[in-house]
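Peer 1: Dropping the structure in here first, questions after.
The values are calculated or read from the model by the stated rules, or taken from the named source; none is laboratory data. As the structure is a computational prediction, the values presented were derived from the model and not from experiment. Note: ideal-geometry Cβ built from the backbone for every residue, glycine included; neighbour counts use all protein chains shown. SASA here: full protein model, heavy atoms, side chains in, ligands and nucleic acids out. Shrake-Rupley method; radii C 1.70, N 1.55, O 1.52, S 1.80 Å.
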Amino acid sequence: MPSLSDRPSFWQRNLDKVGIGGAAFAALCCLGLPALLSIVSAVGLGFLVNDAVLLTLLIVSLAIALWGLYSGTRHHHQWGAFAIGVVGAISMGLSM
């Protein structure tokens, strides 16, 4: 049985999920989803609606997601998810 020190940390296990969530948020804001834009403005984060901020958030989130997928690839020795993530990140980046 592996010890607690052998277990990956919270961030190592969930880095890809955090990155994908951030990228989805940025993409939905870029699309101008009315409900999301009104929520963002209501909580005082209206500056996020700026395209320069959203593009930066999207790039950083995609990089975090790819880093998380790559660390999972090193752990599980299966490249499928990372390859799909790279293709998705490239297509999302090119569509913006």
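Peer 1: List pairs: first in the stretch 68-82 and touching a residue at least 60 places away in the same chain (Cβ under 8 Å), second loosely packed, with under 11 Cβ neighbours inside 10 Å and in a helix (DSSP H, G or I), Cβ under 9 Å, 6+ apart or cross-chain?
Peer 2: Between residues of the stretch 68-82 that are touching a residue at least 60 places away in the same chain (Cβ under 8 Å) and residues that are loosely packed, with under 11 Cβ neighbours inside 10 Å and in a helix (DSSP H, G or I), there is no close pair.
Peer 1: Then there's this: Which of the residues belonging to the stretch 23-63 are of a type outside the set (A, V, I, L, M, F, W, C), surrounded by fewer than 18 Cβ atoms within 10 Å (Cβ to Cβ) and assigned to a helix (DSSP H, G or I)?
Peer 2: Those that are of a type outside the set (A, V, I, L, M, F, W, C), surrounded by fewer than 18 Cβ atoms within 10 Å (Cβ to Cβ) and assigned to a helix (DSSP H, G or I): P34, S38, S41, G46, D51, T56.
Peer 1: Tally the residues that are open to solvent by 60 Å² or more (accessible area, probe 1.4 Å) and either touching a Leu at 6+ places or on another chain (Cβ under 8 Å) or in contact (Cβ under 8 Å) with a residue 40 or more places away in the chain (or both), restricting the search to the stretch 83-96.
Peer 2: Counting residues in the stretch 83-96 that are open to solvent by 60 Å² or more (accessible area, probe 1.4 Å) and either touching a Leu at 6+ places or on another chain (Cβ under 8 Å) or in contact (Cβ under 8 Å) with a residue 40 or more places away in the chain (or both) gives 1.
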